[in-house]
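A quick write-up on the structure given underneath.
The values are calculated or read from the model by the stated rules, or taken from the named source; none is laboratory data. Everything numeric in this text was worked out from a predicted model, so none of it was measured. For neighbour counting, all protein chains shown are included, and Cβ atoms are generated from backbone atoms with ideal geometry for every residue, glycine included. Calculation scope for accessible area: heavy atoms of the full protein, side chains included, ligands and nucleic acids excluded. Shrake-Rupley method; radii C 1.70, N 1.55, O 1.52, S 1.80 Å.
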Amino acid sequence: MLNDDRIKIKSPSPWVTRFADRIPPGPVLDLACGGGRHGRYLLDRGYPVTLVDRDISKLADLKDNAMAKVFAYDLESGSPWPFADEEFSGVVVVNYLYRPLFPHLLASLRPSGVLIYQTFAQGNEKYGRPRNPDFLLRPDELLQEFGAACEIIGFEQGFMPDPDRVVQSLCAVKR
């Protein structure tokens, strides 16, 4: 769970905006999208976007957008991966970590597709939630998970201000 300051953030992550133009034309998956700030950003740039979250109540305004597919799904339910038959040009994940999904993210990414991932890392516990190590990336974990199958375009980890947090960020292109 995030603290109130983080929930109120409406603009897309600078990490996402920095690398969004690297996503080739085609559909994009915005996983655990919350209010859809990244999906909306990508929709504004002409990408068809599938927005997935357990609670889609904040996405009702997208129901008439032909480029947006809004999908209510509990990613941690143990149900089969709902996108096994789909490939995406881009996958965006921000402020969400559920390690069992890593192989699915990679499998759902087209060759030359772009993964943009940014979430909380160890050290964040001193600034707020999440504090549970199950929801905090270990040092270099995204590199270790995706580096063999992808070319790493950008990687950062460490403290970020406003709001104060510790994150790990990756942009990678599937080989």
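How would you rank 117-124, 159-166, highest first, on the average number of other Cβ atoms within 10 Å across their residues?
Going from most to least packed, we get 117-124, 159-166.
For an R0 of 22 angstrom, estimate the FRET efficiency from the Cβ-Cβ distance between Arg99 and Arg131 and round to the nearest 0.05.
After rounding to 0.05, the efficiency reads 0.85.
Using the Cα centre as the reference, give the magnitude of the dipole from point charges on the C-beta atoms of the chain (Lys, Arg: +1; Asp, Glu: -1; all else neutral), rounded to the nearest 20 debye.
Here the chain has a charge dipole of around 220 debye.
Counting pairs of Cα atoms in region 25-109, how many percent are more than 15 Å apart?
Summing the P(r) tail past 15 Å for region 25-109 gives 53 percent.
log₁₀ I(q)/I(0) of the chain at q = 0.14, 0.16 Å⁻¹, via Debye over equal Cα point scatterers, no solvent, to two decimals?
Taking Cα atoms of the chain as identical point scatterers yields -0.71, -0.95.
How far is the Cα center of region 117-138 from the Cα center of region 30-104, in Å?
Taking the Cα centre of region 30-104 as reference, the centre of region 117-138 is 22 Å away.
Over region 54-175, what is the mean sequence separation of C-alpha contacts under 8 Å (at least six apart), divided by residue count, expressed as relative contact order in percent?
The normalised contact order for region 54-175 reaches 23 percent.
Report the calculated FRET efficiency for Ala72 and Gln144 (r = Cβ-Cβ distance, R0 = 41 Å), to the nearest 0.05.
Computed FRET efficiency for Ala72 and Gln144: 0.85.
Put +1 on the Cβ of each Lys and Arg and -1 on the Cβ of each Asp and Glu in the chain; which of Val52, Leu142, Val94 then has its Cα farthest toward the positive end of the dipole?
Val94
For a quick check of your reading of the filter: which trypsin sites (Lys or Arg not before Pro) in region 21-127 sit in a DSSP loop and have no more than 14 other Cβ atoms within 10 Å?
When the trypsin sites (Lys or Arg not before Pro) of region 21-127 are filtered for loop state and at most 14 Cβ neighbours within 10 Å, Arg45, Arg54, Lys63 remain.
Using a 7 Å offset from the Cα along the Cα-to-Cβ direction at both Ser112 and Asp85, what is the distance between the two label points in nm, to one decimal?
Taking the simple label geometry, Ser112 and Asp85 are separated by 2.6 nm.
DSSP beta bridges in the chain, what fraction antiparallel, as a percent rounded to 5?
45
Can you order the peptides 102-110, 89-97 by their average number of other Cβ atoms within 10 Å per residue, highest first?
Taking the mean over residues of other Cβ atoms within 10 Å, the ranking is 89-97, 102-110.
Which cross-chain or sequence-distant (5 or more) residues have an amide H under 5 Å from the amide H of Tyr73, H modelled 1.01 Å from N in plane?
Long-range HN contacts for Tyr73: Asp53, Arg54.
On average, how much accessible surface per residue is there in the chain, in Å², for a 1.4 Å probe, leaving out ligands, DNA and RNA?
Dividing the accessible area of the chain by its residue count gives 51 Å².
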